[in-house]
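This report refers to the structure that appears directly beneath it.
The values are calculated or read from the model by the stated rules, or taken from the named source; none is laboratory data. Bear in mind the structure is a predicted one, so any value in this text is a computation, not a measurement. Glycine also receives a Cβ, built like all others from the backbone with ideal geometry; neighbour counts cover every protein chain displayed.
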Amino acid sequence: MSAVKFSIRNYVAVIAVLIVLVMTVLDVTVVNVALPVMADKFGISDSDAVWIVTVYQLVITMLLLPMSSFGDRYSYRRCFMVGVLVFTISSVLCALSGSFAMIVAARALQGVGAASVMGVNIALTRLIYPREVLGRGLALNAMVIAIATAAGPTIAGAVLSVASWHWLFLINVPFGLVAFILGKKLLPSNPPREHCGHYDWVSAILNVIVFGLIFLSVGNFARKRDVTVNACMLAVGVVTGIFYVRRQLGMESPMLPVDLFRIRLYSLSIYTSVCSFIAQNLAMIALPFMFLNSYGFSEITTGLLMTPWPLATMIVSPLAARYVERHNAGITAACGMAVYAAGVVLLISAPSSGTAEWNIAWRMAVCGIGFGLFQTPNNIVMVMATPVHRTGGAGGMQSTARLVGQTLGATFVTIVFAMTTGVVTSVRVCLYAALGFAIVAGLFSLSRAGGVREKI
């Protein structure tokens, strides 16, 4: 970064953004570990306890695009600051929750704050970093997410070994206050767009209805809940979605950036992102069942075996960012998916039992290397393919694509486990499906190779 202008103010602004990014990611992984404890505390079943995590992710998915649109229209900085404040306050409410209903409501409010931050994260990154090193900025974001994902279970275990589950939320408070103070003083602000009219509340409500009903119904179908009710929810969601899309087509700057899909590089990047995260979650969710039930590894060993994946992603992401500053991002992303696919094949070919931990760990690392090599180039292509004033909406759509991919991946795992017998068989089917989606993502990436150099 020495060759470009990057002041202390820029560095501190980066720190503010990354602090909040870590908080929002950790509040999924750390809570996962505490779910059995919280289920016992509130006197609820394990399946009901999952809602403490699910409601957080669902609210983020529903509000990402409305928050991104708010940032585009008014201010990325303002949206970020409101998000930090809401997230911090709701963390206190989570810690003070005395009932299951209260913590679900507090987690939903946390999701509002997280959506406000995630919706403008990429846009703020584009404002903070000089164009010449934007790739490194996006890579740093990916690396931090990987670190938070890998460290989440360890942090949760450490906290729960010396304190109650309430502290998993209270530790957010000092970091949230620091990020708020730093962001208020140092974050850059994009000027409000002139002649943009009033905020499109109708589209925001439609977005919430569409994503909320569709994802709730799909998730409930996978869990074999009431078929009639879920079918009605899905039908209403789809019909509302059609009306929503038609409404967006007639707008100059739509909340759902359907107009950006006319940009070939952008649309291919979104499709690639969805497929890649489906491929990732199919493997990441299914593999622990094999480690625990087939290999007979302990919970601690299973957690450690999952670590090489995000750790490798963390190491490779910044290297990939530097590489694509001089080489074709589309080809680089395709190579990343090829390496990931190779890692999945290695996991499929691993013995179904009686293998050493190291024989699994290096295969997981190959998957992580491939994903790290893919993720940063894909994000760079997506960001640089869109107009600057639409970065918020574009970034929000990218985050939405990631969440859609993760949710569909988790749903496919549920469906596969319900339709197959035997842990080994179920996991193998999930891995074959992950391989298929990885190949599709790689082909999408390769198809962008011809137009990437002109954009980056």
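Which of the residues belonging to segment 290-314 are touching a helix residue (DSSP H, G or I) at 6+ places or on another chain (Cβ under 8 Å), in contact (Cβ under 8 Å) with a residue 40 or more places away in the chain and either among the hydroxyl-bearing types (Ser, Thr, Tyr) or outside any helix (DSSP H, G or I) (or both)?
Result: SER294, TYR295, PHE297, THR301, THR307, THR313.
Is it true that VAL120 is surrounded by fewer than 24 Cβ atoms within 10 Å (Cβ to Cβ), modelled with pLDDT of 80 or more and either part of a helix (DSSP H, G or I) or touching a Phe, Trp or Tyr at 6+ places or on another chain (Cβ under 8 Å) (or both)? Steps first, answer last, please.
Values: surrounded by fewer than 24 Cβ atoms within 10 Å (Cβ to Cβ): no; modelled with pLDDT of 80 or more: yes; either part of a helix (DSSP H, G or I) or touching a Phe, Trp or Tyr at 6+ places or on another chain (Cβ under 8 Å) (or both): yes.
Against the criterion (surrounded by fewer than 24 Cβ atoms within 10 Å (Cβ to Cβ), modelled with pLDDT of 80 or more and either part of a helix (DSSP H, G or I) or touching a Phe, Trp or Tyr at 6+ places or on another chain (Cβ under 8 Å) (or both)), VAL120 does not qualify.
For every residue, the table says whether it meets (1) in a helix (DSSP H, G or I); (2) buried (at least 22 other Cβ atoms within 10 Å of the Cβ); (3) in contact with a His (Cβ under 8 Å, 6 or more places away or on another chain).
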{"residue": "ALA361", "(1), (2), (3)": "yes, no, no"}
{"residue": "MET364", "(1), (2), (3)": "yes, yes, no"}
{"residue": "GLN375", "(1), (2), (3)": "yes, yes, no"}
{"residue": "VAL383", "(1), (2), (3)": "yes, yes, no"}
{"residue": "THR400", "(1), (2), (3)": "yes, yes, no"}
{"residue": "THR421", "(1), (2), (3)": "no, no, no"}
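In this structure, is ALA342 modelled with pLDDT of 85 or more and in a helix (DSSP H, G or I)?
Working: modelled with pLDDT of 85 or more: yes; in a helix (DSSP H, G or I): yes.
When the stated conditions are applied, ALA342 passes them.
Taking segment 315-331 as the region of interest, how many residues are assigned to a helix (DSSP H, G or I) and either modelled with pLDDT under 80 or surrounded by 24 or more Cβ atoms within 10 Å (Cβ to Cβ) (or both)?
10
Yes or no: ILE242 hydrophobic (A, V, I, L, M, F, W, C) and either touching a residue at least 40 places away in the same chain (Cβ under 8 Å) or in contact with a Phe, Trp or Tyr (Cβ under 7 Å, 6 or more places away or on another chain) (or both)? Talk me through it step by step, then tell me what you get.
Details: hydrophobic (A, V, I, L, M, F, W, C): yes; either touching a residue at least 40 places away in the same chain (Cβ under 8 Å) or in contact with a Phe, Trp or Tyr (Cβ under 7 Å, 6 or more places away or on another chain) (or both): no.
So ILE242 fails the test.
Quick one: in segment 181-218, of everything that is touching a helix residue (DSSP H, G or I) at 6+ places or on another chain (Cβ under 6 Å) and of a type in the set (Val, Ile, Thr), which residue is modelled with the lowest pLDDT?
VAL218
Hey, among the residues in segment 60-102 that are within 21 Å of the chain's Cα centre (by Cα) and among the β-branched types (Val, Ile, Thr), which one's farthest from GLY395 (Cα to Cα)?
Only one residue fits best here, namely THR88.
Within segment 274-282, is even one residue among the β-branched types (Val, Ile, Thr), farther than 20 Å from GLN406 by Cβ, not assigned by TED's automatic domain parsing to the domain that holds TYR74 and not in a loop (DSSP other than H, G, I, E, B)? First the steps, then the outcome.
Step one: list which residues in segment 274-282 are among the β-branched types (Val, Ile, Thr), which gives 274, 278.
Filter once more, so that each one left must be farther than 20 Å from GLN406 by Cβ: none.
No, there is no match, as no residue in segment 274-282 is among the β-branched types (Val, Ile, Thr), farther than 20 Å from GLN406 by Cβ, not assigned by TED's automatic domain parsing to the domain that holds TYR74 and not in a loop (DSSP other than H, G, I, E, B).
Mind counting the residues in segment 299-329 that are among the β-branched types (Val, Ile, Thr), more than 23 Å from the chain's Cα centre (by Cα) and within 21 Å of VAL366 (Cβ to Cβ)? Step through it out loud before you land on a result.
So in segment 299-329, the residues among the β-branched types (Val, Ile, Thr) come out as 300-302, 307, 313, 315-316, 324.
Among the residues that remain, those that are also more than 23 Å from the chain's Cα centre (by Cα) are: 300-301.
Then drop every residue that is not within 21 Å of VAL366 (Cβ to Cβ), which leaves 301.
Here the count works out to 1.
Condition test on SER352, is it within 26 Å of ALA418 (Cα to Cα), in contact with a helix residue (DSSP H, G or I) (Cβ under 6 Å, 6 or more places away or on another chain) and hydroxyl-bearing (Ser, Thr, Tyr)? Before the answer, list the steps.
Details: within 26 Å of ALA418 (Cα to Cα): yes; in contact with a helix residue (DSSP H, G or I) (Cβ under 6 Å, 6 or more places away or on another chain): yes; hydroxyl-bearing (Ser, Thr, Tyr): yes.
The answer is yes for SER352.
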